[in-house]
Amino acid sequence: MSRLYFTLTGCNHYYGTDFLKKGMTLKLKKEPDNDYDKEAIQVKLEGLGKIGYVANSTATVKGDDSLSAGRLYDKIGKKAKAKVVLLLAGGAICEITKTGLK
């Protein structure tokens, strides 16, 4: 199985990024009823709730190996887990864990 990475974005609309740490476990949940993006995947942290989204545009996806929400959507179930692997200004690069794969 190849590794699946994504960019966590939109954190500035919630709690910012100061609390994010490498290795932190995050939860992903598909949001098919999202009015703006039918492939939206929200990113949650236990104790805080929604902290951002999986990036889904060329302006927000960072790096060559980071998948957009659209490319990741069919590779995970309704829910998945991920871990933070690299901190960025305004977000992070995260890796899907085996627990969340279909």
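Here are a few things to note about the model shown:
- Qualifying positions in segment 49-98 - open to solvent by less than 40 Å² (accessible area, probe 1.4 Å), part of a loop (DSSP other than H, G, I, E, B) and closer than 12 Å to residue 30 by Cβ: 77
- Any chance residue 23 is under 12 Å from residue 11 (Cβ atoms), small (Gly, Ala, Ser) and at pLDDT 95 or above: no
- Within segment 11-26, considering residues that are more than 9 Å from residue 83 (Cα to Cα) and not in a loop (DSSP other than H, G, I, E, B), the one least open to solvent (accessible area, probe 1.4 Å): 11
- Meets criteria (free of Cβ contacts under 8 Å to residues at least 24 places away in the same chain and in a strand (DSSP E or B)) for residue 29: no
- Residue within segment 41-48 that is modelled with pLDDT under 90 and either assigned to a strand (DSSP E or B) or touching a helix residue (DSSP H, G or I) at 6+ places or on another chain (Cβ under 8 Å) (or both) present: no
The values are calculated or read from the model by the stated rules, or taken from the named source; none is laboratory data. Values in this document were obtained by computation on a predicted structure and should not be read as measured data. Ideal geometry is used to build each Cβ from the backbone, glycine not excepted, and the neighbour counts take in all protein chains shown. Note: accessible area is taken over every heavy atom of the protein model, side chains too, but ligands, DNA and RNA are not part of it. Shrake-Rupley method; radii C 1.70, N 1.55, O 1.52, S 1.80 Å.
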